[in-house]
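The values are calculated or read from the model by the stated rules, or taken from the named source; none is laboratory data. Worth saying up front: this structure is predicted, and the values here are computed from it rather than measured. For neighbour counting, all protein chains shown are included, and Cβ atoms are generated from backbone atoms with ideal geometry for every residue, glycine included. Note: accessible area is taken over every heavy atom of the protein model, side chains too, but ligands, DNA and RNA are not part of it. Shrake-Rupley method; radii C 1.70, N 1.55, O 1.52, S 1.80 Å.
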Amino acid sequence: MHTGSTPMPQGLAARLAQIITGAPIADDPEPSGDEIESSLRPIARKDFGYDQARHLLWRAGFGGTSAQVRYLADLGPERAVDILLNDDKSTYPEPSLDQFDRDLMRPATAEEAEAQRRARRERDEETLARLQEERQKRERLDRQQLRELQRWWLTRMIETSRPLEEKLTLFWHGHFATSYRGVEDSFHMYMQNLMFRSNGMGSFRDLLKGLIRDPAMLKYLNNDRSRKGRPNENLAREIMELFSLGLGNYSENDIKEGARALTGYTYKDDDFNFDQRNHDNGSKAILGHTGNLDGDEFVEAILANPACAPFVVRRLYNFFVADVPPDERGGDTALPTPQRAVLRNLANEWRSRNYFVKPVLKKLFLSEHFYSPAFIGQQIKSPAQLVVGSIRSLNTPVRDLNILLDAMDRMGQNLMMPPSVKGWDGGRSWVNTTTMFVRQNVLTYLLTGMSTNRRGKPDAQYDPTHLLADIDGGDAAKRDAERVVEHLLRQTLGGVRSSAKEVCMDVMGKAKDPSDREAIVATLLLITAMPEYQLC
């Protein structure tokens with residue numbers, strides 16, 4: 001296991017520091033090819049230590065305690081990756097469809113529909129007002145249930161023993177972006193979330209075929225009203241442009257023909273409904289495939305297109321490894337040669353694996369490329385990664401979930417409400433002077449219980465002394481301020497940088513006991529305010 005001092009990454013951390021201080025921002029250098037391993041060969045056991053295990057746990061999950069990192073390091077890369085990919089489903093309860101109320105936004109009953117028709121016919125304003133009030137009440141309750149759904153998902157991310165499962169659910173939610181604002185049915189958003197979770201590591205084919213039958217997506221992109229002779233093109237366009245192929249890899253005619261293939265794909269209440277009467281049974285030509293194509297055959301035409309595998313693999317790579325343009329048109333030639341080679345090889349691997357996600361992730365997480373020095377500590381944490389990762393790695397109290405969700409919204413990531421069908425841009429879009437202020441405030445809240453949104457006494461006191469349990473084999477007598485500071489920096493930032501250490505020593509060096517709770521909290525407040533803490 002690595003025990004020495006590690007230099008902290010300079011580029012993005014310097015940029016973040018400039019954002020915080022308001023100083024002019026100079027472009028930080030892109031990683032050079034020399035810093036990036038071009039090989040997808042599995043990393044050797046001898047090269048997989050604390051730093052690599054920590055990198056894996058943050059990227060394939062939401063971070064973890066020092067003890068969890070050491071446990072994975074001791075297992076070695078093969079077993080560590082297998083645990084993340086194949087963790088026992090019995091270790092954390094599976095969600096149930098009964099978790100939330102499916103009937104808040106139910107269709108009107110036959111009696112209610114007849115009462116409304118009669119009231120309109122008879123101009124019975126009192127009855128119409130009563131029916132409208134009942135509808136508005138259900139809408140208010142549904143918005144409340146959406147908040148419950150957000151709290152439920154945030155809790156799963158924090159508590160789960162299967163962090164990659166939730167991380168992938170978050171990825172697919174951003175990739176197949178669907179917002180409650182366009183759906184207005186919290187149970188349909190919940191159903192979509194369950195689909196992403198249950199199929200997240202499985203077949204992309206199944207995900208696409210599930211998506212064209214998903215009530216939330218059908219409503220969000222207006223396909224629920226797409227009919228023969230009047231096809232709506234939204235879903236056909238976005239499924240190619242944003243979900244599977246990327247710009248320039250399809251034609252406007254492919255969109256029109258794809259929309260015809262999806263006519264009649266709608267839903268009744270909570271279930272998909274194929275309306276045969278409103279489906280266009282005429283011959284169609286989509287991406288070089290012709291015939292009386294339906295939605296499933298549209299999906300197969302997409303999967304057969306050579307642009308599909310590179311596009312989706314790049315999105316996965318962007319989420320788990322490093323920022324890259326969304327498609328080759330975005331500047332592939334600007335990428336270092338090793339990255340271009342790895343992306344090509346991963347796309348070929350995905351095709352050969354019949355578009356199953358798990359084997360590609362396994363190859364990636366085991367590869368020498370994934371652990372390249374250029375990638376470790378260089379990804380800006382999303383709001384979810386920041387909040388969930390801080391709780392999981394520092395073992396802070398969870399505190400008020402509503403305050404955490406509000407903070408995530410102000411930081412730019414409102415769960416179940418991505419800003420558009422493009423999802424969240426991520427990367428450097430997460431940080432600006434406003435969001436950095438919120439990021440630091442939410443960390444102060446987790447560590448101290450003090451919130452700018454709440455008056456009175458702070459929440460439950462945080463005891464961080466457990467973070468020191470593994471210093472010098474747990475021998476408290478050997479602890480001194482310098483060792484404690486270096487230990488905390490290694491846990492929180494992934495390494496010890498002289499400037500960070502110097503700042504922390506100004507606080508810890510004045511403490512009578514470096515194991516004192518208040519001294520550790522004060523040091524953690526300093527560390528979490530550093531630009532490097534925003535990276536993983």
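Before moving on, here are some points about what is shown:
- Matching residues in segment 64-90 - criterion: being of a type outside the set (Val, Ile, Thr), in a helix (DSSP H, G or I) and under 18 Å from residue 389 (Cα atoms): 66, 67, 68, 70, 71, 72, 84
- In the set (1) open to solvent by less than 70 Å² (accessible area, probe 1.4 Å); (2) part of a loop (DSSP other than H, G, I, E, B), residue 93 fails one condition alone, (1).
- Residue match in segment 38-48 (condition: under 19 Å from residue 163 (Cβ atoms) and buried (at least 20 other Cβ atoms within 10 Å of the Cβ)): yes
- Residue within segment 136-151 that is in a loop (DSSP other than H, G, I, E, B) and under 20 Å from the mean Cα position of the chain (by Cα) present: no
- Where a residue in segment 355-374 is touching a residue at least 24 places away in the same chain (Cβ under 8 Å) and outside any helix (DSSP H, G or I) and its partner, wherever it lies, is open to solvent by 40 Å² or more (accessible area, probe 1.4 Å) and among the basic types (Lys, Arg), with Cβ under 6 Å and at least six apart: 355/205; 368/41
- Failed condition for residue 264, given (1) of a type outside the set (A, V, I, L, M, F, W, C); (2) in contact (Cβ under 8 Å) with a residue 40 or more places away in the chain; (3) crowded, with 17+ Cβ neighbours inside 10 Å; (4) over 30 Å from residue 360 (Cα atoms): (2)
- Looking across segment 96-108, just one residue is without any contact (Cβ under 8 Å) to a residue 12 or more places away in the chain and surrounded by 13 or more Cβ atoms within 10 Å (Cβ to Cβ), and that is 108.
- Residue in segment 306-318 that is open to solvent by 70 Å² or more (accessible area, probe 1.4 Å), part of a helix (DSSP H, G or I) and hydrophobic (A, V, I, L, M, F, W, C) present: no
- Considering segment 452-473, and only residues there that are open to solvent by less than 50 Å² (accessible area, probe 1.4 Å) and in contact with a Pro (Cβ under 9 Å, 6 or more places away or on another chain), the residue that is modelled with the lowest pLDDT turns out to be 459.
- Cβ-Cβ distances below 7 Å connect the following pairs, each with a first residue in segment 44-67 that is more than 16 Å from residue 364 (Cα to Cα) and of a type in the set (Val, Ile, Thr), a second residue that is open to solvent by 10 Å² or more (accessible area, probe 1.4 Å) and in a loop (DSSP other than H, G, I, E, B), and a separation of six or more residues or different chains: 65/395.
- Evaluated against (1) open to solvent by less than 30 Å² (accessible area, probe 1.4 Å); (2) within 19 Å of residue 303 (Cα to Cα); (3) modelled with pLDDT under 95, residue 350 falls short on exactly one condition, (3).
- Residue check for residue 356: surrounded by fewer than 19 Cβ atoms within 10 Å (Cβ to Cβ), among the aromatic types (Phe, Trp, Tyr) and out of contact with any His (no Cβ under 8 Å at 6 or more places or on another chain): yes
- Residue list for segment 516-536, restricted to those being touching a helix residue (DSSP H, G or I) at 6+ places or on another chain (Cβ under 9 Å) and exposed (fewer than 15 other Cβ atoms within 10 Å of the Cβ): 516, 517
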